[in-house]
Structure formats: C-alpha cells, structure tokens
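Report on one structure; see the data block that follows.
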Amino acid sequence: MTTTAEKPAAAAEPAVRAKKSRKFSPWGVVAWLVGLGFFFPVFWMVLTSFKQEADAATSPPTLLFNPTLDQYAEVFNQGIGPAMLNSVFATGISTVIVLLLGVPAAFALSLRPVKKTQDALFFFMSTKMLPVVAVILPLYVIVSNIGLLDNIWALIVLYTSMNLPIAVWMMRSFFLEVPGELLEAASLDGASLWRSVREVILPLVSPGIAATALICVIFAWNEFFFAVNLTAVNAQTMPVYLVGFIAGEGQYWAVLSAAATMAALPVILCGWFAQNKLVRGLSFGAIK
C-alpha cells in the first residue's frame, strides 16, 4: 500500500528526470556554433543588401549604417522579372515531370520489382557519372539544330534528365520502408492496384515525395552550366542573371547581395513551407 509520504516523492520523479534531460551538453553548444557558422554568410548577404555601395565596400566592414532599399530598386530596374519567371517555370515544370516519371519507376523497382532491378538502378546512376562539361558541345549542336537554343524548354528537358536518376533512387529508398503486406491487405479487401497506391502507399511516402521535390527544386534552381551555355536573353535564368552584376571595373557588393537575396528567397520559402514534411521525409525509416 502506497503511503501519502511516498506520493509526493513519486510525483517529484518526473520533474527530476525533466531537469536531468535539460542538463547542459557541450555537443549542443557545438551544434549551435556550427549552425550559426553555416547561417552567417546568408545573414551577411542579407545585411549587405540593405547598405549603400560605399558602406558595403569598407574594410573593416561597417556594422552601423542607415538601411536602404536602393539596391533592391536597382535590381528591379535591371530586369529581374523575366529571369525570375524563367527559373520558376523551368524549375516547376521539370520537378513535376520528374515526380510523374520517378515515383512510378521507384515503385516498380521497390514494391513491384522488375527483372534485373539492380541493372536498371545502375543505369540510372551511370547517367550522372559523365561530367557535364564533356557533353555540352554535342548538346549545344543538338539544341541548335532543333531550334531550341535560348529556349526555356531545352532547359526543362535537361533539368528533368538531370534530376530523374536522383529522384528514382531517393523515392525507391522511401518505398522500401513501406511494408509490402499493406498492398496484400488492400488487395484482399478488393482494392485495385491503383487505388491501393493512391490511398495507402502515397500518403505514407508523401514526406519522401516532398523531400525529393525540394532536392530537385534546389538542383534545378541553382543550375548554371547548362543555362549559361544554352541561353542568352529570352531563357535567361537567375544564376545567369546574377553574373551580370559582376563587372570588370569592380564588384558592386550591395546590389549583388540584393540580387542574390532575391534569387535565394523562393527556395528558402519552399523549404520553409515544406519543413514539416521535409524533416519527416529526410528521417523516413530512421526510427523504427
């Protein structure tokens, strides 16, 4: 029989354990320092974008200054709109196509494996082994002959082929974490394969789809080599647009920081809105 003196002691145990769990950890401090170290360049870029060019070029750097939006006005005056729209269009369309092709392929290679699955997986990854600089000349000739030079659709095709192998490998790892018994149970209940995938499998791997989509968005948005060699004006993307702020007479750090901030903002917003599914997707299968 529990006495009244033992009850307060028992109630105090969770509080003691909670205090122990909040014990100072040097690894926590190290993690914060590493995180701040990675974040500091981004912070400094955003801070510099609100400076005048004279304040941005001082050495040592000026920490006290009058914030201004002049550099952002200059970025818009130099025509950031078309480049931003081209990047959004190429990134969005290529990512959708990658998911439409990659998710069924990953499903077939995991829960419904085909003959010589490992050979197919090796073929997917072998397309990433050749340096892009080795294929730019034949690609330029092909794109030029079919009339897609300086055309956004050429970049969409290239971005799709660039991200598809990565998407298949990522989605396959997510599908492998789904028990095959779920499909068997759904088929025993009379559900068709398409209904089982739509209502059972896809909701389970939706965090993985979100993580894969964000990786494809980042790779396509930041791609520079194809864009700078296959576009000029009409299909110019944000990475190519940023190069225009690097002048021969010197670096204009403030306006370049404003342009870089505008270029990074869409990807940051995508990651922010998808952070819940992204964290679940990146840790999918890590905890049983």
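Values in this text are rule-based calculations from the coordinates and carry no lab data. Note that the structure is predicted; figures quoted are calculated from it, not measured. Here the Cβ positions follow ideal geometry from the backbone for every residue, glycine too, while neighbour counts run over all protein chains shown.
Here 238, 262 are placed in order of increasing Cβ neighbour count within 10 Å, fewest first, which gives 262, 238.
Based on Cα contacts under 8 Å between residues 6+ apart, the stretch 182-277 shows a relative contact order of 26 percent. Ranking of 95, 58 by neighbouring Cβ atoms within 10 Å, starting from the fewest: 58, 95. Taking the number of Cβ atoms within 10 Å of each Cβ as an exposure proxy, the fewest-first ranking of 182, 64, 109 is 64, 182, 109.
Normalising the average separation of contacting C-alpha pairs (under 8 angstrom, six or more residues apart) by the number of residues puts the relative contact order of the stretch 82-282 at 32 percent. Residue ranges 134-144, 29-39 sort as 134-144, 29-39 when ordered by packing (mean number of other C-beta atoms within 10 Å per residue, highest first).
In terms of its C-alpha gyration tensor, the stretch 22-114 has an oblate overall shape, because the principal axis ratio a/c (a ≥ b ≥ c, square roots of the eigenvalues) is not below 1.5 and a/b does not outweigh b/c.
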